[in-house]
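Written out below as structure tokens is the structure these notes cover.
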Amino acid sequence: MLNSHNLNFKKMSYFKLFIVEDDPFYGELLKKHLQLNPDNEVFLFKNGKECLDSLHLLPDLISLDYRLPDFTGSEVMKKVHYDYPDLPVVIVSGQEDVKTALDLLKEGAYDYFVKDNDTKDRLWNIINKLREKEKLKTEIDVLKEEVGVKYNFNNIKGNSPAIKKIFKLMDKALKTSITVSITGETGTGKELVAKAIHYNSNRRKYPFVAVNVAAVPSELIESEMFGHEKGAFTGAATRKIGKFEQANKGTFFLDEIGEMDLNMQAKLLRVLQEKELTRVGGNEVIAIDSRILVSTNRNLAEEVRKGAFREDLYYRLLGLPIDIPPLRSRGNDIIILSKYFIDEFCKENDLSSKKISNDAHDKLIKYNYPGNVRELKAVIELAVVLSDGDEILENNINFSSTDTVSNFLIEECSLAEYNMRIIKYFLDKSDGNVVNTAKKLDIGKSTIYRMLKNKEV
């Protein structure tokens, strides 16, 4: 990665400038001044034909005298832009003419200024701006490449049959722009899968834009997605471009789509069908071209049956379904992920890597993980901090699940053991009141007294 960045930087360190000037004295003056920077490579031409014949040298900027022996500056610029539409052309004129200047700028001139003693300094400033712009573009390209590497399929860890099936479906998703619906419990990595699909698709050079539907108030969701015009409602002081527009040509990811209310569902369906939208308070129809990815931790088919989700939108979004399995069903993936999180955390914090002891290994495998991969990551990072040596021990593994049922199921055990845990839980909750516990669980008081006597609870 570092090498590619260096190469890009080296490439842009030389700036190639064409000066087309019929006054040889003035042309040489400009050339000598601009060559004071050794990174500027300056070519001087006395007419338009010489310039056009040399375009294969791929200049970064052309400074063009408006009046030339063979063509006007406007004619040369049009010929240049026919083959190189993005090549910046500056027009330099011997006299000030506002109308001519405006016409040239409309035709695509990068800038227009009158030939005087300040011309060389203006050109110098333009070169600096273009070089800075190119540098920024290079840095953005490098960052995009790094992001793409980050969301490579290889960075989704695991080799269980369940996760291998996910990889196959993701690979199929890359070959078309089919809508992908990603389901799974909270913390399973639905957004990670969505990003991996985007950054490995042919849309990766364009934006990935995500909206968490559950996190946006219902009265603001339309404006958030479709944008609004100034004055569309109280507080709309300026125009706002919506997330759909921001994701044009890229990917629009609707996280927790199951939380969207029915009214907004109807508006979303219309946008998906028509592939166009209108900002809130506006009249302009805006065409959109975005790949749609959605995720939910709800059973949308069940939501349709309950009348909480539109059936037509459901079938529109179903596309290629990818169901991410909960971590508890992924077997040894728990350990693969644990080792990955250990290495990453140690690297980030300049710590020596640590191993997982056998007892810690067993404890990690037996836990139910109601918070899935997200919870495992938090558990592992805390374990690294708590561990003293080069090994993570069983007592370094701390689960703090808020899911009571899951806490009962942390370890596999007999039905009798589960019964004891449940009775103990309700006894603690009622401050040891046997009568209340018996009523809540619909069991005899004698059973609880016997268990207390035998110290089973």
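Here are the numbers for this structure:
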| item | result |
| --- | --- |
| Charge sum, other residues only, whose C-beta stays under 13 Å from residue 122's C-beta, Lys/Arg counted +1 and Asp/Glu -1 | -1 |
| Qualifying trypsin sites (Lys or Arg not before Pro) for the range 192-268 [loop in DSSP, other Cβ within 10 Å: at most 13] | 205, 230, 249 |
| Cα→Cβ-extended label distance, 7 Å offset, between residue 351 and residue 84, nm | 5.5 |
| Tail weight of P(r) past 21 Å, computed on alpha-carbon pairs of the range 281-395, percent | 56 |
| Normalised alpha carbon radius of gyration of the range 413-453 [divisor 2.2 N^0.38 Å] | 1.05 |
| Where trypsin sites (Lys or Arg not before Pro) fall in DSSP loop in the range 275-370, at most 11 other Cβ within 10 Å | 275 |
| Among 69, 280, 215 - extreme Cα towards positive end, dipole of the chain, charges at beta-carbon | 215 |
| DSSP beta bridge pairing in the chain, given as percent antiparallel to the nearest 5 | 15 |
| Rh by Kirkwood over Cα pairs, then Stokes-Einstein D for the chain at 1.567 mPa s and 4 °C, µm²/s | 46 |
| Rough spin-label spacing in nm, given labels placed 7 Å along Cα→Cβ, for residue 358 and residue 378 | 3.2 |
| Theoretical ellipticity at 222 nm over the chain - DSSP helices of four or more residues, -39500 (n - 2.57) apiece, nearest 500 | -14500 deg cm²/dmol |
| Point-charge dipole on Cβ atoms (K/R +1, D/E -1) for the chain, about Cα centre, debye to 20 | 1640 |
| The range 284-332: equivalent-ellipsoid semi-axes (sqrt of 5 x gyration tensor eigenvalues, Cα, Å) | 28, 18, 8 |
| Neighbourhood net charge (10 Å Cβ-Cβ; Lys/Arg +1, Asp/Glu -1) for residue 177 | +2 |
| Bins of 5 Å, starting at 0 and running to the largest distance - Cα pair percent for the range 38-120 | 3, 14, 28, 27, 18, 8, 2, 0 |
| Alpha-carbon spread of the range 2-141, three principal axes, descending order, Å | 48, 29, 28 |
| Value of D in µm² per second that Stokes-Einstein yields for the range 158-323, Kirkwood Rh from Cα pairs, at 10 °C (1.306 mPa s) | 96 |
| Exposure proxy ranking, count of Cβ atoms within 10 Å, fewest first, for 81, 361, 198 | 81, 361, 198 |
| Dimensionless Rg over Rh [the range 328-403; C-alpha; Kirkwood] | 0.93 |
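Any read-out appearing in this document is the output of simple, stated calculations on the displayed coordinates, not a laboratory observation. This one's a predicted model, so the numbers in the text were calculated from it and none came from an experiment. Glycine also receives a Cβ, built like all others from the backbone with ideal geometry; neighbour counts cover every protein chain displayed.
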